[in-house]
Amino acid sequence: MLHLYRGDSYYNDRTNASIYRSDGLLAPACVGGGRTDNIENIGFLETIKWHIDHLQGYEKEYYSITDYISFTEKLDTAKAWAADLNPANLIPCTIPHGETRYVFHLKMPKNELIPISKGVWEFFFTCNRQLLDGNTTNSLLKYFPRHNDCPFCNSVSKVHSIILVKPILVFPDINDDKKYDRAKKLTNKNEEWLVLPNDRHERTLKHRKTRIPRANFWDVEHYNLLGERRERRNL
């Protein structure tokens, strides 16, 4: 089984982690209105590099609306990401909708990962609309979508897709190519993986959607940061 973890925050406007109950896991491209063909236009290797190592202005611009969602093989690293690098201050939250910090967990059987190229795999899954819920305690959303089958997979077919990328295996293994040195060090330190939502729009079948819907292969743990109180939002 491949286990990947992601730490996130209620206050992260790039990913809007707090609305995962209804919308699933969102890439910044979804929240920021990024183009759905960035990878095709910029290049696969370049977008991976810019996501991990973004010092130049154009790299930072892409990172703000990146197509990828960062994960790690290390649970401790994910907790550090969730806690603004202060994981000792994470406190489990049992109050519904009272959490401010999240640790998402993907669990995928390795024999279901389809190799595409070195360091790149595809994983197919069925979404589970029974997991859909409102993002506030009084939201009416919980009473509607969960009772309808998904129009894409009919809630039975494994046709939803994500692309899994292990950057350290993707970057060129060329000693004199310094372009990727810093990105290699960063991704190796964090045992980082990038996850690319890969569902196609039902109408065009060309452009990728930029979210991972609710499904049985991922779940989430809720936390608060010591001394932190969640603000009210109308979601």
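The values are calculated or read from the model by the stated rules, or taken from the named source; none is laboratory data. Just so you know, these numbers come straight off a predicted model, no measurement behind them. Positions of Cβ are backbone-derived with ideal geometry, glycine not excepted, and every protein chain shown enters the neighbour counts. Note: accessible area is taken over every heavy atom of the protein model, side chains too, but ligands, DNA and RNA are not part of it. Shrake-Rupley method; radii C 1.70, N 1.55, O 1.52, S 1.80 Å.
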> Quick one: length gained pulling Leu186 to Arg230 fully straight, 0.36 nm per residue minus the C-alpha distance?
Replying inline: 12.7 nm
> Taking all pairs of different Cα atoms in the chain, averaging 1/r and flipping that mean, what Kirkwood radius in angstroms comes out?
Replying inline: 18.6 Å
> Measuring from a point 7 Å past the Cα of Leu75 along Cα-to-C-beta, which residues in segment 4-22 have an amide N at less than 18 Å?
Replying inline: 4-8
>> Over 10 Å intervals from 0, what percent of Cα-Cα pairs in segment 23-98 sits in each interval?
In response: 16, 37, 31, 14, 2
>> Highest mean first, how do 213-219, 77-83 rank when packing is the count of other Cβ atoms within 10 Å averaged over residues?
In response: 77-83, 213-219
> At a 1.4 Å probe, what is the % contribution of carbon and sulfur to the accessible area of the chain?
Replying inline: 50 percent
> If you rank Asp173, Asp67 by how much accessible surface each has, with a 1.4 Å probe, what is the order from largest down?
Replying inline: Asp173, Asp67
>> What distance in nm separates the two pseudo spin-label positions at Glu61 and Asp84, each 7 Å out from Cα along the beta-carbon direction?
In response: 3.0 nm
> Net charge near Asn224, counting Lys/Arg +1 and Asp/Glu -1 over other residues with Cβ under 12 Å of its Cβ?
Replying inline: 0
> Between Asp173 and Ile116, what FRET efficiency comes out of the Förster formula 1/(1 + (r/R0)^6) with R0 = 22 Å and r the beta carbon distance, rounded to 0.05?
Replying inline: 0.75
> Between their Cα atoms, which of Lys107/Lys178; Lys79/Lys158; Lys158/Lys189; Lys79/Lys178; Lys110/Lys189; Lys49/Lys158 are more than 25 Å away from each other?
Replying inline: Lys107/Lys178; Lys79/Lys158; Lys158/Lys189; Lys79/Lys178; Lys49/Lys158
> Among the aspartates and glutamates, which fall within straight-line cross-link reach of Lys209, defined as a Cα-Cα distance under 18 Å, with same-chain neighbours fewer than 8 residues apart omitted?
Replying inline: Asp23, Asp37, Glu40, Asp67, Glu122, Asp199
